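Worksheet: one structure, shown below.
The values are calculated or read from the model by the stated rules, or taken from the named source; none is laboratory data. These numbers were taken from a predicted model, which means no experiment stands behind them. A quick note on method: Cβ atoms are made from the backbone with ideal geometry, for glycine too, and the neighbour counts reach across all protein chains shown.
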Amino acid sequence: MNQALVLNIQRFSIHDGEGIRTTIFFKGCGLHCKWCHNPESQNYKMQIMRYEERCKKCVACIRACPNNAVKKLDGKIILDRDKCHACGICVDYCAYNSLEIAGKYYTSDELVDIVKKDNIIYEESGGGVTLSGGEVMSQSIEFLLELCKKLKKIGIHIYIDTCGFAPVESYRKIAPYVDTFLYDIKTLDVEKHRQFIGEGLEVILNNLIEINKFSSNINIRIPIIGQVNDELDGMSNIANWLLENKIKVQCINLLPYHNTGSTKYERLGLSYDHESMAVPEQWKMEDIKNIFKEKGFQNIKVGG
């Protein structure tokens with residue numbers, strides 16, 4: 001049975017496209033943005049998240065784990081992630097909700113059934129479904145085609161929110177079923193892109209040029225991170241690149257960085273680099289907005 005690993009399904013969403021939408025967040029992404037507010041979305045496998053503040057040290061999880069991945073050390077419950085298979089047995093035995101499993105497999109029919117519950121809301125608000133991530137386009141293209149065809153058959157409006165780091169052929173195949181692409185660009189500085197995002201720019205920019213050939217509905221989304229990419233010259237470079245490549249931009253969303261997801265890193269046993277990133281000042285966001293406005297872009301929004 002064809003399935004995909006989904007991190008979350010958010011109904012009544014107003015930040016991932018027009019109208020009221022259902023956003024399906026697929027698990028797994030080829031990029032590793034240091035500011036990612038959903039780090040659990042990067043891994044392509046199920047993961048256990050630990051809420052240390054809820055743990056009562058009852059050791060039920062230790063007794064339940066079949067892989068000896070949980071132990072007590074110096075009064076603390078420790079999860080050995082190298083041994084953990086994310087089977088979820090420890091989650092079932094935890095009476096205090098201090099353990100949570102990130103990721104669940106769904107068939108396309110199961111996702112369609114969830115989406116259909118709010119069909120009347122989509123019709124009244126001009127909304128629909130947004131496929132997001134992680135990186136939705138790095139999932140099985142066969143699964144995505146199956147899902148999109150079923151959604152289109154019942155008249156559902158589809159957005160795809162993508163960072164652009166996926167095979168170009170996948171974009172070509174999915175394009176006939178997509179009403180609008182929400183496309184991320186972070187910076188055109190190659191060194192910074194590798195330092196803060198983990199990959200180069202070539203695939204991302206080439207895919208946007210390719211999408212532009214067969215889609216007239218492209219919204220550009222630019223996360224603005226203080227100390228990383230909030231220089232005005234860098235934003236001007238992005239605006240010029242979009243103009244030079246004749247990208248048919250319908251809307252530009254400038255997304256100010258926030259650190260509300262930083263606690264998730266600890267829950268996954270990861271570190272978070274607080275010092276290298278900052279929330280951009282409001283005046284900086286307005287200056288960046290004015291750069292795109294002066295370049296002739298329309299419909300520029302601060303926020304989702």
In the stretch 96-138, residue farthest from Cys148 (Cα to Cα) [restricted to those that are among the acidic types (Asp, Glu) and more than 23 Å from the chain's Cα centre (by Cα)]: Glu124
Enumeration of residues in the stretch 185-203 that are without any contact (Cβ under 8 Å) to a residue 60 or more places away in the chain and not charged (D, E, K, R): Ile185, Thr187, Leu188, Val190, His193, Gln195, Gly200, Leu201, Val203
Residue, farthest from Cys36 (Cα to Cα), within the stretch 276-292, restricted to residues that are surrounded by fewer than 15 Cβ atoms within 10 Å (Cβ to Cβ) and free of Cβ contacts under 8 Å to residues at least 40 places away in the same chain: Asn290
Residue within the stretch 222-234 that is out of contact with any helix residue (DSSP H, G or I) (no Cβ under 9 Å at 6 or more places or on another chain) and buried (at least 16 other Cβ atoms within 10 Å of the Cβ) present: yes
Residue within the stretch 126-148 that is farther than 26 Å from Arg221 by Cα and modelled with pLDDT of 95 or more present: yes
Selected residue (only one of Leu243, Leu255, Leu268 is closer than 23 Å to Asn217 by Cβ and either under 20 Å from the mean Cα position of the chain (by Cα) or modelled with pLDDT under 95 (or both)): Leu255
Number of positions in the stretch 237-252 that are of a type in the set (D, E, K, R) and in a loop (DSSP other than H, G, I, E, B): 2
Residue in the stretch 91-105 that is out of contact with any helix residue (DSSP H, G or I) (no Cβ under 9 Å at 6 or more places or on another chain) and either charged (D, E, K, R) or surrounded by 13 or more Cβ atoms within 10 Å (Cβ to Cβ) (or both) present: yes
Residue list for the stretch 133-150, filter: surrounded by 17 or more Cβ atoms within 10 Å (Cβ to Cβ), small (Gly, Ala, Ser) and not in a helix (DSSP H, G or I): Gly133, Gly134
Any hit, the stretch 180-200, residues being over 24 Å from Trp35 (Cβ atoms) and in a loop (DSSP other than H, G, I, E, B): no
